[in-house]
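The values are calculated or read from the model by the stated rules, or taken from the named source; none is laboratory data. Predicted model only: the values in this text are computed from it and were never measured. FYI the Cβ positions are ideal-geometry reconstructions off the backbone, even for glycines, and counts take in every protein chain you see.
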Amino acid sequence: MDVVDISGLYSTEHVSEHTLMSSEIERVVLWRKTKYQEVAIVVFNDFGLSLILDGYTQSSVYDEYIYHESLVHPVMIGVENPERVLIIGGGEGATLREALKHSTVREAVMVDIDGELVEIAKKYLVEMHQGAFEDPRAKVVIADGAEYIRKAPDKSFDVVILDLTDPYSSEIARNLYSEQFYKEVYRVLSEKGAMVTQAGSSFFFEKDYNWVLENVRKVFPKVLEYNVWIPTFGYACNFIIGAKNSFKADLNAKKVDEILKARKLKDKLKFYSGKTHIAILNMPIYRVKK
Ligand code: SAM
């Protein structure tokens, strides 16, 4: 096979310890170190405007809707009338954007440790947040998510969405995948509450994934796993829902579409629907079959 002449500028990142993904950069918009992480905003030929943190692509405008709709809507749909949502992480504001689409939401608090990153996102990633930060129901708090949740009152949120850097990438997020942290999440959730976390890759980082899954299982009575292929990541991203008993885990496609219509989301989605809900929750989890 001819060696590809890589003459352009490429961003290469570890999909796993032994596998790399390399994508050609059309141009670099910004590259700077904040107090917490190295932030790059680039335009990839294949993925468009993208955010890279500590060398890991977080989201790209061409496919971020797949990730953010998959992260937010399955958990929101399973909770009766979710009014108060807590998002931890989610710096570029796309998770906030998706949560605010539910007409039941009265307040969405987004907690991110990196205030400089949030300001960069507000300015350079308008296509991702789409003005979500300006929504009167949105509240942005710059703090360590672990600190914030420790101080949050019992039963103060209906949904908690953990949109953090991977459990095996930056150190600043690692303890927000622990059993201790999930016990705090359980405490701040209302009786009808549920949480979801992005959980990296069960195929390429099976040990880390199992650690996160076990921690959720130790705390929550209902646990759902699903994974969705994200072109920019080069793998199927895993999501884990941890829920209290009243969570509706077995909605059919028709019921999901009815809820989406009732909450005025019907025409605001590009990927998620009743059929997608059934499809992604029934896909097998990608694991290495040793
Ligand atoms: N939406 C992204 C995606 O598409 O993959 C997910 C990543 S988002 C950019 C990750 C965010 O988690 C970053 O903004 C980072 O600052 C934040 N973060 C990491 N550790 C944190 C912590 N301990 N507390 C709060 N935010 C944290």
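Just one of (1) crowded, with 18+ Cβ neighbours inside 10 Å; (2) at pLDDT 95 or above fails for VAL141. It is (1).
Does GLU116 satisfy being farther than 24 Å from SER70 by Cβ and over 15 Å from the mean Cα position of the chain (by Cα)?
yes
Is it true that TYR186 is within 9 Å of the ligand (Cβ to nearest atom) and in contact (Cβ under 8 Å) with a residue 24 or more places away in the chain? No.
Within the range 110-132, the set of residues being closer than 25 Å to SER273 by Cα and in contact (Cβ under 8 Å) with a residue 40 or more places away in the chain comprises GLU127, MET128.
Could you check, for the range 151-162, whether at least one of its residues is of a type in the set (Ser, Thr, Tyr), within 15 Å of the ligand (Cβ to nearest atom) and either at pLDDT 95 or above or buried (at least 21 other Cβ atoms within 10 Å of the Cβ) (or both)? Checked against the condition, which is being of a type in the set (Ser, Thr, Tyr), within 15 Å of the ligand (Cβ to nearest atom) and either at pLDDT 95 or above or buried (at least 21 other Cβ atoms within 10 Å of the Cβ) (or both), the range 151-162 yields no hits at all.
Residues being surrounded by fewer than 24 Cβ atoms within 10 Å (Cβ to Cβ) and either touching a Cys at 6+ places or on another chain (Cβ under 9 Å) or in a strand (DSSP E or B) (or both) are entirely absent from the range 122-131.
Restricting the search to helices (runs of 4 or more DSSP H) fully inside the range 186-290 and requiring at least 2 residues that are surrounded by 18 or more Cβ atoms within 10 Å (Cβ to Cβ) and within 19 Å of the chain's Cα centre (by Cα) gives 206-219, 274-282.
Residues of the range 83-97 that are assigned to a helix (DSSP H, G or I) and of a type in the set (D, E, K, R): ARG97 alone. Among strands (runs of 3 or more DSSP E) entirely within the range 1-82, having at least 1 residues that are under 21 Å from the mean Cα position of the chain (by Cα), under 25 Å from ASP144 (Cα atoms) and not hydrophobic (A, V, I, L, M, F, W, C) singles out 38-44, 48-53, 56-60. Scanning the range 163-178 for residues that are near the ligand (Cβ under 8 Å from one of its atoms) and exposed (fewer than 15 other Cβ atoms within 10 Å of the Cβ) yields one hit, ASN175. Please tell me if ILE172 is touching a strand residue (DSSP E or B) at 6+ places or on another chain (Cβ under 9 Å) and of a type in the set (Val, Ile, Thr). Judged against the criteria, ILE172 is not a match.
Residues in the range 50-70 that are modelled with pLDDT under 95 and more than 10 Å from the ligand (Cβ to nearest atom): GLY55 only. Scanning the range 71-126 for residues being among the charged types (D, E, K, R), under 26 Å from PHE47 (Cβ atoms) and more than 13 Å from the ligand (Cβ to nearest atom) gives a total of 2.
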